[in-house]
Amino acid sequence: MENNTSDQNDKPETPEEIPGARAYLSSPLAVVVATVATAAFICIVIALLFYGGAETVADNQQAIPQDQQGFTSQNATNNYEEIIEDDLEDLVKIADLSLINALKDAHVSMAKLKIEDVTLKKHQGNSFHFQQLRFPLSTDSSIFIESVKKKLNSAGLNADISKLSEGYWLLSINEVPTHKFFIDQIITPKKPVAVVIDPNAPKMAIVIDDMGEDIGLAQKLADLDVPVTFSIWPNSSHAGKVALIAKKSGNEIMIHLPMQPKGYPKVNPGADSLLIGMKAKTIHDRIISAMKKIPDATGLNNHMGSRFTENLAGMTEVMVPLRQNGLFFLDSRTTAKSAANTAAKNGHVTLYERNIFLDNVKDVAAIKFQLNKAAKIARQKGQSIAIGHPNRETVAAIKLWSKEIKGKIKVVAVEKLAPRS
């Protein structure tokens with residue numbers, strides 16, 4: 001019987017010891033191998049898609065690779081906080097910086113930029129601070145407004161400035177009003193008066209998160225004229241040394257505990273994080289372990305945690321070791337849907353909440369502006385809490401701001417403030 005087909009007769013001859021690819025693929029064994037390999041590949045893809053999207057993480061399955069766990073000097077240069085896209089408050093801060101830079105170009109001192117009002121508003125679920133500002137100007141206001149518009153455009157903002165009346169302007173971002181400001185005529189400066197310290201001055205706490213990596217910067221914070229709260233990563237490279245610096249200088253110490261963000265596991269909160277789906281005992285053990293590493297802490301706040309702090313069951317378990325050890329919880333408010341307030345009330349734990357983030361924009365003038373926002377909120381409500389990070393710009397801004405605010409705002413530890421619950 002003939003074994004060759006007509007197709008095979010048309011193929012060019014090849015040496016028997018080196019068969020061609022088509023000849024090999026036509027064999028029954030090759031067909032079986034190819035079929036099995038294809039099926040295995042499809043199974044692997046399906047498994048990756050299924051498990052990669054799983055939101056619940058079991059206790060014994062840590063999704064973060066071993067070489068990425070812990071806070072070492074190497075990853076101290078990474079982004080510390082989770083990035084929230086389309087956050088109106090962040091766009092407001094970029095607009096703040098545009099205004100500040102335009103005022104600098106117009107040779108207006110930042111001491112003359114007055115924050116007359118700050119109101120927390122919401123738009124489509126996003127919270128932002130609406131501001132009323134006032135400042136003097138010696139140049140043509142129309143030239144100044146054009147300068148601001150150019151800077152807003154260069155920053156990539158969809159912003160507009162409209163004139164409401166003489167010397168009165170409204171700035172909107174994405175058609176949402178965010179700033180109104182008044183431009184005054186230059187007033188002859190008065191003679192400086194002596195600083196009078198108001199014994200009833202409103203109180204304000206300044207918390208510096210992500211502490212424990214930079215010893216030198218920790219010492220600079222300790223040397224400031226105002227007390228700041230050191231919130232220290234339990235697993236940071238120099239947690240003990242930084243805590244000792246804070247203790248010797250009389251500064252308040254807190255635990256900065258990593259919690260699951262909405263971008264997890266792509267966004268890495270760090271080792272020993274609190275994750276959705278953890279058993280109560282695991283949550284308790286991780287918090288107790290952090291307390292042992294930072295024994296002088298008076299409270300705890302969340303690092304990242306936009307996903308975990310929304311989970312009432314998880315936050316309820318967080319409150320158990322805090323109540324047992326007499327620590328308060330400071331909600332960093334990385335999500336507007338935080339369940340921390342409810343959990344703290346039910347668990348009989350003292351709760352505080354952050355009002356302002358200081359240094360999303362790493363510019364000394366912009367950070368000073370955020371400090372002034374926090375001070376304005378303190379004047380309105382009697383107290384406020386601002387959270388910053390261990391940056392050179394933040395230290396410089398606090399140093400300059402503390403001299404200007406002396407006697408008008410009393411900077412204190414968080415535990416000296418009236419709690420929310």
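Close amide H contacts of G388 (hydrogens built in the peptide plane, cut-off under 5 Å, sequence separation of 5 or more or a different chain): V207, I208, D209, L358.
The residue list S165, Q131, A218 was ranked by how far each Cα lies along the charge dipole of region 110-255 toward its positive end, using unit charges on Cβ atoms, and S165 comes out on top. Amide H contacts for D331 (H built 1.01 Å from N in the peptide plane; partners 5 or more residues away or on another chain; cut-off under 5 Å): Y352, E353, R354.
Comparing Cα centroids, region 294-364 and region 133-186 end up 37 angstrom apart.
Across the accessible surface of region 79-180, with the other protein chains kept in place and a 1.4 Å probe, carbon and sulfur atoms take up 47 percent.
Over region 193-295, accessible surface divided per residue gives 43 Å², non-protein components excluded, 1.4 Å probe.
Expressed as a whole percent, the accessible area of region 258-389 that falls on carbon and sulfur atoms is 47 (1.4 Å probe). Simple point charges give the picture: +1 on the Cβ of Lys and Arg, -1 on the Cβ of Asp and Glu, and for region 241-376 a dipole about the Cα centre of about 120 debye.
The lysines whose alpha-carbon is closer than 22 Å to the alpha-carbon of K410, local same-chain residues fewer than 8 away aside, are K112, K114, K203, K220, K247, K248, K368, K373, K376, K381, K399.
The values are calculated or read from the model by the stated rules, or taken from the named source; none is laboratory data. This one's a predicted model, so the numbers in the text were calculated from it and none came from an experiment. Every residue, glycine among them, receives a Cβ derived from its backbone with ideal geometry; neighbour counts consider all protein chains shown. Surface accessibility is based on the protein's heavy atoms, side chains included, excluding ligands, DNA and RNA. Shrake-Rupley method; radii C 1.70, N 1.55, O 1.52, S 1.80 Å.
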